[in-house]
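All of the numbers you see were taken from the coordinates with simple rules; none came from a lab. Everything numeric here is computed off the predicted structure, so don't read it as measured data. As a convention, Cβ positions derive from the backbone with ideal geometry for all residues, glycine included, and neighbour counts pool all protein chains shown.
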Amino acid sequence: MKNLSIHQDPFYTLKRIGLVSGLVLLFLFSLNWLQLYFGKFASRLGNVPKVVAGFLHLDLSLMPKILEQLLVSLALGISGLILAILLSFILAAMAAENTAFSARLSAFLKGFTAVIRAIPSMVWILMVVASIGFGNTGALLGIIILMTGFLTKAFTEAFESDGKQRVEALRACGARWINIVIQGVASSVLPSLLTWITIGLESSITISISLGVLGISGIGALLNKQIMKFYYPGISTVILVIFLTMILVEFCTIRLKRRLHAR
């Protein structure tokens, strides 16, 4: 028997060398285009121990203010999520192919929410700040926009996964559209919807904190102030609280998802 080569293409090795060479050239071109100053980076490495030592200290006197702003961020995240859930449920019911009023409306809503997801969150945040200004109102609106784009897509896919047979049977019985959506489709895919909501909870709180880093509101705004002052103990304290909070939120969402799947 003849030995069969794994690679039948005689130019396989040449193509592989060409691919690797192209990636290397692209990497070198990118480095040159970025105009990185490695000399300046190396000259400032001596400042690293001093900066790290500054971060090792905590300022517990900031805890009352940190906890107050943390509650603001949590309230914004939860409120924005609840409002986004209500809006997303309605949009998803009109966008899903099995529950939509028409194919054109379904395509329009899917395209509309795709645009929301496609535009970077930073752009939405800047638009909100430019329109409304800094504060809790702007933060809440930003969370609603971002979470609506995410949840509408998730809810739509959950509705469509139920198929059209149940919807057609209910329509044949003369059921109203709202009854078809809630009692027919939503009740059937409820575990999937609740799973997406638990995922959205973590994302909503993360967005709330990120909005604050831009100076809008919440604990992120407090962190931004500490960064602007280069007050390392304050920065470390705020980051530690955020880290512990996100661990707690992650733990709670995991427990919720396990209970949902257990049912």
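Residue-normalised convex hull volume from the C-alpha trace of the range 16-166: 268 Å³ per residue. For the range 151-232, the fraction of C-alpha pairs farther apart than 20 angstrom is 54 percent.
Largest GNM mean-square fluctuation among V129, V51, V238, using the chain with Cα springs under 10 Å: V51. Would you tally the net charge around S102, using a Cβ to Cβ cut-off of less than 15 Å, leaving S102 out, and scoring K and R as +1, D and E as -1? Result for the local shell: +3.
Which net charge results for the neighbourhood of A92, defined as the other residues with beta-carbon distances under 15 angstrom from its beta-carbon, given Lys and Arg at +1 and Asp and Glu at -1? Neighbourhood net charge equals -1. Applying the criteria of a DSSP loop state and at most 13 other Cβ atoms within 10 Å to the chymotrypsin sites (Phe, Trp or Tyr not before Pro) of the range 28-58 yields Y37. Using C-alpha pairs under 8 Å with a sequence gap of at least 6, the mean separation divided by the residue count of the chain gives a relative contact order of 25 percent.
Across L56, L81, L36, mean-square fluctuation computed from a Gaussian network of the chain (C-alpha pairs under 10 Å connected) peaks at L36. In summary, the helical segments of the chain meeting the span-like criteria, namely a full DSSP H run, a Cα extent along the axis of 24 angstrom or more and a mean Kyte-Doolittle hydropathy of at least 1.0, are 12-34, 63-95, 136-160, 190-213, 232-262. As a rough guide to protection, the peptides 137-146, 193-202, 112-121, 152-161 ranked by mean Cβ packing within 10 Å, highest first, stand as 137-146, 152-161, 193-202, 112-121. The spacing between the range 189-213 and the range 43-94, judged by their C-alpha centroids, is 14 Å.
With neighbours defined as other Cβ atoms within 10 Å of a residue's Cβ, the residues L256, L126, L248 order from fewest to most as L248, L126, L256.
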